[in-house]
Amino acid sequence: MAYVVTEACIKCKYTDCVEVCPVDCFREGPNFLVIDPDECIDCSVCVGECPVEAIFAEDDVPEDQRDFVALNAELAKRWPRIVARKEPLPDADVWAKVKRKRHLLVR
């Protein structure tokens, strides 16, 4: 079972989670992060570091976010690895409060 980044991360891209990942399983897109399920070791360290609570164990992903399980797997194959903390997107604090934003995901 891997961990999954869900909709709350879109247009925020806080990278506190990246900094604590012991196996560098995060991948970076233009306005979203994903976890490579083939590399995630299920340590859960990243969960508590996410300020927008976007990361869930695969079995605990909310029903309305289940499509993010496949999306993480798909995008992890295409996006580059991110191994160090970066500044969040410029307006991340504004977008952190927005609930419905999956249509804004840039692939």
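Taking interchain pairs and intrachain pairs at least six residues apart, which have beta carbon atoms under 7 angstrom, with the first residue in region 10-24 and on the phi > 0 side of the Ramachandran plot and the second in a loop (DSSP other than H, G, I, E, B) and among the basic types (Lys, Arg)?
Qualifying pairs under 7 Å: Lys11/Lys101.
Given the conditions (1) without any contact (Cβ under 8 Å) to a residue 24 or more places away in the chain; (2) farther than 20 Å from Asp16 by Cβ; (3) among the small types (Gly, Ala, Ser), which single one is not true for Ala73?
(1)
Please go through region 16-63 and give me each residue that is among the β-branched types (Val, Ile, Thr) and more than 17 Å from Leu105 (Cβ to Cβ), ordered by number.
Val18, Val20, Val23, Ile41, Val45, Val47
Where a number appears in this text, it was derived from the coordinates with a stated rule and is not lab data. The structure displayed is predicted, hence computed values, not measured ones. We place every Cβ from the backbone using ideal geometry, glycine too, and count neighbours over all the protein chains shown.
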